[in-house]
Structures are given as C-alpha cells and as structure tokens.
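Note sheet for the following structure.
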Amino acid sequence: MKIVLLAGAHSIHTARWANGLVSRGVEVHLISAHDNAHELDSRVQLYILNAQAPLGYFINVFEVKVLLKQIQPDLVNAHYATGYGLSARLVGFQPTMLSIWGSDVYDFPKKSFLHRWLLKGNLQAATAIGSTSHCMARKTAETFQHSLIFITPFGIDENIFSFKEIAREKTKLVIGTVKTLSSTYGIDTLIEAFAFVVRCYPSPNQLVLEITGDGPDFDSLRALAISLDVEKQVVFHGAVSHERVPELLIRLDIYVALSRSESFGVAILEASACERPVVVSDAEGCAEVTIDGETGFVVPRDNPQAAADAILKLINDEALRLQMGQAGRLNVLEHYTWDRSLDLMMDAYTKVINLQSS
C-alpha cells in the first residue's frame with residue numbers, strides 16, 4: 001500500500017501517523033507546507049513544498065500535482081479539513097481521505113458564511129472522511145453529511161504512558177492538567193475549582209495544582225491565582241515537549257480537564273493510561289473518553305463548584321483514586337491503544353481504495 005499524507009510536518013500527530021504506518025509496511029510519502037519539527041522514521045519520504053502555509057495551501061497545488069504523478073499513490077490522506085483539505089480539493093486526486101482534527105469543523109465554519117461554504121466544499125470533495133471521535137463526526141455532519149466516514153482516534157502508546165512510582169514529597173497531593181492556556185480549555189475554571197478545594201480541605205498546604213502548557217491566557221491565569229490567594233500552590237510549568245508529558249502526568253494524583261469545547265480528549269486518555277483518575281467537563285470530546293463514575297467524574301462546564309466537589313471526593317478517598325485510575329488504564333487498553341488506532345486507519349484506507357477500484 002502506497003499512501004501520501006498531505007499534512008503539517010510540524011505536528012507530532014502527523015509524525016506519529018507517518019511513523020506508525022511505515023511500521024505496518026505502508027510506503028508513506030509526507031507532503032507538507034510546514035517545516036518538519038519531529039523525528040521521522042527513515043522510511044518516511046518527506047517533501048517540503050516551496051510555499052509555506054497558509055498561502056501555500058493555494059500556491060503549491062501544481063507542485064503537489066507533479067509529486068502525485070511521480071509517486072502514484074493508492075490514496076491521499078489529507079489532514080485538517082480547512083488548509084490541507086483545501087489543497088486536496090484543488091489538486092483533485094482520487095481517492096482522497098480527509099482527516100478532520102477539531103477546530104477545523106468546530107470553529108472555522110462559525111467565522112462566516114464563506115468559511116462554512118469553503119469547509120463544506122472540502123468535505124464534499126473527499127472520497128471519505130476520517131474523524132478522531134464520534135462527537136466530531138456528528139459535528140461535521142452539521143456542515144456536510146458525508147456518506148462515508150470512519151472513526152480514527154489518536155491512539156495512546158500504553159508503554160510510554162503507564163503507571164510508574166516516582167520519588168516526590170508524599171505529604172503533597174497533586175492535582176493537575178496538561179493543556180494550552182486559552183479560554184477554550186477552561187483553565188480558569190480549574191483554578192477557581194482549586195481555590196474552592198483549598199478552602200474546604202482541612203490541610204490546604206498539602207495541596208498543589210500543576211498546570212503544564214503555554215498560551216495567550218498565561219498572564220490572566222496567573223493573576224487569577226493571585227486574586228484567589230492560591231498563587232503559592234499553583235505551579236505553571238510552561239510548554240514542554242511531548243516526550244516529557246508522561247513524567248509530568250505521573251507526578252499527579254488527579255488529572256483535571258474542564259474544557260469548554262473539546263473534539264477528542266487525548267490528554268485525558270494519556271492520564272488514564274498512567275492510572276490517574278480524571279475529572280472532566282461535559283464537553284463532548286472529554287465525556288466521550290471518560291466513563292463517568294468508573295474512570296473518573298464528568299461535571300458540567302463552567303461550574304467550578306461541581307469540579308471542586310468531584311476533586312474533593314477523590315482527595316478524600318485514596319482507594320477510589322486507585323480504583324478509577326486502574327479502570328482508566330483498562331479503558332485505554334481496550335479501546336484507545338496506538339496499535340488499535342493504526343488498525344482502524346489501515347482498515348479505512350483498505351476500504352476506500354477498494355471502493356475506488358471497484
């Protein structure tokens with residue numbers, strides 16, 4: 001099988017798909033309007049287009065056509081429905097599978113009628129659609145109901161994300177998250193919930209909130225922690241490489257994700273794979289990967305008191321934390337391993353290619 005990935009080489013997810021597919025014996029050609037930022041398997045053939053994104057999505061069309069004529073792939077898999085989805089539409093190669101990621105179908109069509117029209121055209125031009133979650137597939141259907149859609153989640157490497165004992169101060173109980181610091185991800189709600197927890201817990205100095213990630217709301221979030229008088233217990237780690245995420249997750253006792261919108265909860269599953277109980281919002285992508293009352297608690301969005309109540313329940317019950325953490329890892333092993341994701345993607349490719357040739 002010979003596949004072209006038309007995708008951003010700057011994304012860790014692109015690198016994971018490319019490396020994973022070649023490990024399955026697929027001949028992978030990665031064509032990108034972004035510079036490569038990750039280590040690729042030597043078997044992945046990389047082509048960096050002359051014009052960088054975003055203008056490159058239009059300008060590079062002829063160059064992509066020439067490359068496809070040389071490569072003669074069985075299928076083109078364009079990743080991200082707007083930028084690379086537009087390139088794939090203009091190139092006109094068939095069969096093309098268009099993988100949607102999140103903001104391309106949640107946020108982009110809300111900008112204007114023109115944006116929605118553009119997205120609809122990209123979706124309609126694809127032979128098939130790949131969605132990382134069921135909820136995102138439903139969201140996509142609000143713009144265009146495609147007749148052929150596959151669920152192809154970003155899987156978790158259960159060997160990298162796993163339970164490990166680490167040396168840290170046993171008297172501290174650590175709550176935390178790994179997320180971009182922007183309004184979408186509800187870090188402000190988390191800090192407010194943490195302040196409630198601190199006020200209710202009899203030994204507040206034992207509590208720590210660790211926030212890993214960077215983003216436009218850093219200054220306002222730090223100011224919020226100061227205004228709530230919890231700044232000494234809130235640690236901002238800043239942005240870290242994907243390779244460092246496991247070590248930061250295993251430092252936690254409880255993982256919290258209170259997003260206002262989420263297409264797929266990758267970080268939640270990574271925490272679950274590390275046997276950490278989770279408290280998540282009822283944003284569709286968070287709720288889809290969490291079994292409420294079994295792997296963690298699902299609470300209403302923008303409700304710091306509900307989040308605090310769930311966190312306190314876990315703080316006060318070590319056995320429940322252990323039980324939910326173990327159930328979370330079992331959920332990952334059953335439904336969300338990286339091998340299973342590769343199986344699903346390979347199966348989708350095979351079906352689309354066979355459909356084209358029939």
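Read-outs throughout are calculated quantities, based only on the coordinates presented, and are distinct from any laboratory measurement. Predicted model, so just to flag it, every value in this text is computed and none were measured. Backbone-built Cβ (ideal geometry, glycine too); neighbour counts: all protein chains shown.
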Farthest toward positive dipole pole in the stretch 173-335 [+1 Lys/Arg, -1 Asp/Glu at C-beta], among 266, 295, 202: 202
Charge-dipole axis of the stretch 1-133 as Lys and Arg at +1 and Asp and Glu at -1 on Cβ define it, positive-most pick from 14, 76, 45: 76
Cα centroid of the stretch 126-197 to Cα centroid of the stretch 46-71, whole Å: 31
Normalised convex hull volume, the stretch 173-335, alpha-carbon set, Å³ per residue: 95
Sequence ranges 1-10, 136-145, ranked by mean other-Cβ count within 10 angstrom, highest first: 1-10, 136-145
Binned Cα-Cα distances of the stretch 112-162, short to long, each 5 Å bin given as a whole percent: 5, 19, 24, 19, 13, 8, 5, 6, 2
0 to 90° range, to nearest 10: angle between helix 338-357 axis and the chain longest Cα axis: 20
Sequence-separation-based contact order of the chain, relative, with Cα cut under 8 Å and 6+ spacing, percent: 14
Neighbour-count order for 135, 274, fewest beta carbons within 10 angstrom listed first: 135, 274
Proxy reagent accessibility, fewest Cβ within 10 Å first, across 227, 182: 227, 182
Cα principal axis extents for the stretch 1-126, largest first, Å: 43, 27, 25
Distance violations [Cα-Cα > 26 Å] among 2/179; 120/179; 65/111; 111/139: 2/179; 120/179; 65/111
Size of electric dipole in the chain: Cβ of Lys, Arg +1 and of Asp, Glu -1, about Cα centre, debye, nearest 20: 820
Distant-in-sequence amide H partners of residue 150 (H built 1.01 Å from N, under 5 Å): 129, 130, 131
Dimensions in Å of the stretch 50-199 - Rg and Dmax from alpha carbons: 20.5, 65
HN-Hα J in Hz across the stretch 184-190 - Karplus 6.51, -1.76, 1.60, θ = phi - 60°, x for Gly and Pro: 3, 9, x, 5, 5, 4, 4
J(HN,Hα) series, the stretch 317-326, from Karplus relation 6.51 cos²θ - 1.76 cosθ + 1.60, nearest Hz, glycine and proline x: 9, 4, 5, 5, 4, 5, 5, 5, x, 5
Largest-first ellipsoid semi-axes for the stretch 160-237, taking √(5λ) over the Cα gyration tensor eigenvalues, angstrom: 21, 18, 10
Alpha carbon convex hull of the stretch 63-119, projected area averaged over orientations, nm²: 3.9
Likely footprinting exposure, 334, 275, fewest C-beta neighbours within 10 Å first: 334, 275
In Hz, Karplus ³J(HN,Hα) per residue of the stretch 251-264 (6.51, -1.76, 1.60; θ = phi - 60°; x = Gly, Pro): 6, 8, 9, 9, 9, 10, 9, 10, 4, 7, 8, 7, 8, 6
Correct option for volume of the Cα convex hull per residue in Å³ [calculated from the coordinates] among (i) 133; (ii) 119; (iii) 217: (i)
Of 338, 105, 256, farthest towards positive along the dipole that unit charges on Lys, Arg, Asp, Glu beta carbons give the chain: 105
All lysines inside 22 Å of residue 172 as judged from Cα atoms, apart from same-chain residues fewer than 8 positions distant: 164, 232, 313
